[in-house]
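K.L.:
Quick one: structure below, then a few questions.
What follows is calculated from the coordinates using simple rules that are stated; it is not laboratory data. These numbers were taken from a predicted model, which means no experiment stands behind them. Here Cβ is always computed from backbone atoms with ideal geometry, including for glycine, and neighbour counts include all displayed protein chains.
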Amino acid sequence: MTRVRSIELRLVGLPLVRPFRTSFGEETEKVCILARVATDHAWGWGECVAGVDPGFSEEFNEGAWLVLRDFLAPALFRAGDLEPDHLERVLAGVRGNPMAKATLVNAFVDAWLRERGESLASFLGAERDRVACGVSIGIASSAGALLEQVDGYVAEGYQRIKLKIEPGTDVERVEAVRAARPDILLSVDANAAYSLADVQVFRALDAFGLLMVEQPLHHEDLVEHAALQRQIRTDLCLDESIRSAADARAAIELAACRIVNIKQGRVGGLLEAVRVHDAGRLAGVPVWCGGMLETGLGRAANLALAALPGFTLPGDTSASARYFADDLTEPHVIAPDGTMAVPRGPGLGVEPRPDRLEACTLRVERLGPA
Ligand code: OSB
Ligand code: MG
């Protein structure tokens, strides 16, 4: 049993190496909340995957900060002695808000594992010590600029390239990349920018041998995704639509997708992420580890998760250099074969570098028992 003694919330900002544009917005800087949970014998870190605005989901940094400070942290303090198994019940008095919840679930699990000297990967049930990596490329200013980025990432070894798409340039961009790179594993991510009236776009994309089309339609509409899946050959993958293992089971049951993107932060943390993985595995549905442009802290959690046996497709688990010139942690690096090492030390197995953490900090608030 382990008691939470104090929690420090910290807003950090790190410039991205290049702007990341999706169908729902553009980011030039990664700004996110980190929670550091102190137990009697350890610290644990959790990174919140919410962004500056509620563009990807309803959650956003300033809202998540209040939910953490005024509801979730007090619930953890009131709970007293805890095991990882108790966490979600303790936080269940807050409806929704999976990204805020994930921050504390992951931070507590990290501290609890550090106290015991066990790695996160081993705790979650990882079976690999390296994971296959892909990369997600934002919407580029031109087809030429996109091809240049694709060439760079393929040269670095990335095993799968994902292109962000939006209405208007979708088919021509995919066609250009496919013509230049006939043999790569290629997928697209629409971030819910389309409707069922756009079925001809997805029929056209069927010609390019894509590994998958990620989240084409509205995040709340599983039935429409099932209707689209029936009309195209390419496998659909859901991201925004899957906020829990229950959502994953519903999507699979409805045949709304044939692949699931698991982002631990989007589903309420690492424990629920394992249940989504288990639901996929039981149904024979491949899963892969998504990303939210996390710093090296959040990416360490993703790497541990991606080492579970059901993660059979390369994830958006890219190297630090793909995001930041100077990461918060020691950099995660990609090997020429397109794999990255799963951290093996206690807990997350990585820490923020103190000087870098200070330099990136925008705000800190310390919380304790009432
Ligand atoms: O939809 O997968 C997405 C980043 C931010 C928000 C949503 C998404 C993404 C990515 C990048 O595609 C994944 C990564 O490299 O972290
Ligand atoms: Mg996505």
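K.L.:
Percent of alpha carbon pairs in region 239-345 separated by more than 15 Å? Show your work: numbers first, answer last.
P.N.:
Working: 3389 of 5671 pairs.
Of all Cα-Cα pairs in region 239-345, 60 percent lie more than 15 Å apart.
K.L.:
I want to verify a result. In a Gaussian network model of the chain, Cα cutoff 10 Å, which of these has the top mean-square fluctuation: Thr317, Thr329, Thr28?
P.N.:
Between Thr317, Thr329, Thr28, it is Thr28 that shows the largest mean-square fluctuation.
K.L.:
Another one. Sort 296-309, 194-207 by the packing proxy (mean of other Cβ within 10 Å over each peptide's residues), most packed first. Display every interim value, and only then the final one.
P.N.:
Working: 296-309: 26.4, 194-207: 15.9.
Ranking the peptides 296-309, 194-207 by packing returns 296-309, 194-207.
K.L.:
In the chain, what % of DSSP beta bridges are antiparallel (nearest 5)? List each step's numbers first, then the result.
P.N.:
Details: 29 of 52 bridges.
Just about 55 percent of them are antiparallel.
K.L.:
If you don't mind, another one. Give the lysines whose C-alpha is closer than 25 Å to that of Lys164, dropping any in the same chain fewer than 8 places away, or say none.
P.N.:
In chain and number order, the partners are Lys30, Lys263.
K.L.:
How many angstrom separate the Cα center of region 315-357 from the Cα center of region 6-36?
P.N.:
After rounding, the separation between the Cα centres reads 16 Å.
K.L.:
I need Val90, Val188 ordered by Cβ neighbour count within 10 Å, fewest first. Kindly include the intermediate steps, with their values, before the conclusion.
P.N.:
Numbers: Val90 21, Val188 25.
Ranked by crowding around the Cβ, least crowded first: Val90, Val188.
K.L.:
What angle, in degrees between 0 and 90 and rounded to the nearest 10, separates the Cα long axis of helix 143-156 from the longest principal axis of the Cα atoms of the chain?
P.N.:
Approximately 60 degrees, to the nearest ten.
K.L.:
Specify, per residue and in Å³, the volume enclosed by the convex hull of the alpha carbon atoms belonging to region 36-91. Kindly include the intermediate steps, with their values, before the conclusion.
P.N.:
On the way: hull volume 5.3 nm³, N = 56.
That works out to 94 Å³ per residue.
K.L.:
Working from the pairwise distances between different alpha carbons, so that the mean of 1/r is found and then inverted, what is the chain's Kirkwood radius in Å? If you can, show how the numbers build up before the last one.
P.N.:
Values: mean 1/r = 0.0486 Å⁻¹.
Mean inverse Cα-Cα distance, inverted, gives 20.6 Å.
K.L.:
Cβ neighbours within 10 Å, averaged per peptide: list 120-127, 78-85 in order, most packed at the top.
P.N.:
Details: 120-127: 19.2, 78-85: 12.6.
Highest-to-lowest ranking by the protection proxy: 120-127, 78-85.
K.L.:
Once you place label points 7 Å from the Cα toward the Cβ at Glu365 and Ala226, how far apart are they in nm?
P.N.:
Label at Glu365, label at Ala226, 4.2 nm between them.
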